[in-house]
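The structure appears below as structure tokens.
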């Protein structure tokens, strides 16, 4: 269906491929894609990766140039490679739109099958009995699935902080975090640069203040990336942008410079250090009993 009227009658010149499109990469591009494939294989358990994460691994392991121009070049190459099906679409995460689809079933038996499957996967509140509620928050939405993979077994929520920069968003977040009858600690993953530092401080101060007024107790802790981690893991850094006049001292580093497995371990260690193991194991035992009970009541053998 033509939509030429959207341009007011102007002639549109299409220069970029649409859908899947064949591509014969030159030798330099082929070599780059080979390195990208090696990175994806190396972190297969942490897919999908963001392009920024791939970029930093190329810089650290394959001497790829660390400039924004080369990052943009990598973005273009990976777009072409995915359209040409040289790199799996699902291996790389791009921030996309929202899909709100209605839930429906083929028939009553289809619904019962879904219920039986859900019963077998039943989870109770795995945070029950814990002295505090943990929430993981990340600055880059693309990192959320990787963090969720670590946090989910403990019943811990993962939130992308991008939608909470307004006063309304911060108040809504504070209201949600305060409404649990126990201390909530937010473990935050973000960039170490003027923007990331000031956004984190503003978010923490506002949400903590709102939560106190609402009768809750919320604290924020920067989990990554920190100056100590920058030194310990020898992460690639850059000077602050000269146009950014906000208070900041030292070199900058993006959270995605941390290798996915390293970040996963940092989060795992932070969770287990705060975990009441007895309470956690008690919930896991109760889950098994509840699943068996449901299976019996639903006639599942």
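Laboratory data are not the source of any read-out in this text; all were calculated from the coordinates shown. Note that the structure is a prediction, hence the values are computed from the model and not measured. Counting neighbours? That spans all protein chains shown, and the Cβs are built from the backbone with ideal geometry, glycine included.
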In nm, spacing of pseudo-spin labels at residue 286 and residue 111 (7 Å Cα→C-beta vector): 2.9 nm
Inter-label distance, nm, simple model (7 Å from Cα along the C-beta direction), residue 11/residue 198: 4.7 nm
Where N is the number of residues in the chain, Cα Rg divided by 2.2 N^0.38 Å: 1.21
Region 35-133, relative contact order in percent, only Cα pairs under 8 angstrom and at least six apart counted: 26 percent
Cβ-based exposure ranking for 135, 289, in which fewest neighbours within 10 Å come first: 289, 135
Burial ordering of 266, 54, fewest other beta-carbon atoms within 10 Å first: 266, 54
Computed [θ] at 222 nm, helices only, for the chain once each DSSP H run of length n ≥ 4 contributes -39500 (n - 2.57): -15000 deg cm²/dmol
Pairwise label distance in nanometres, residue 226 with residue 246, each label 7 Å out on the Cα-Cβ vector: 2.0 nm
Region 233-301: relative contact order as a whole-number percent, Cα under 8 Å and 6+ apart: 22 percent
Extension gain from residue 214 to residue 298, taking 0.36 nm per residue of separation minus the Cα-Cα distance: 26.0 nm
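Give me 205, 176, 42 sorted ascending by neighbouring Cβ count inside 10 Å, so fewest comes first.
205, 42, 176
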From the C-alpha gyration tensor of region 122-287, square roots of 5λ in Å: 29, 21, 12
Dmax and Rg, reported as Rg then Dmax, of region 56-102 (C-alpha, Å): 13.9, 47
Burial ranking of peptide ranges 228-234, 117-123 (average Cβ count within 10 Å, highest at the top): 228-234, 117-123
Cα pair distances of region 17-91 binned at 5 Å [whole percent]: 3, 16, 29, 27, 18, 6, 1
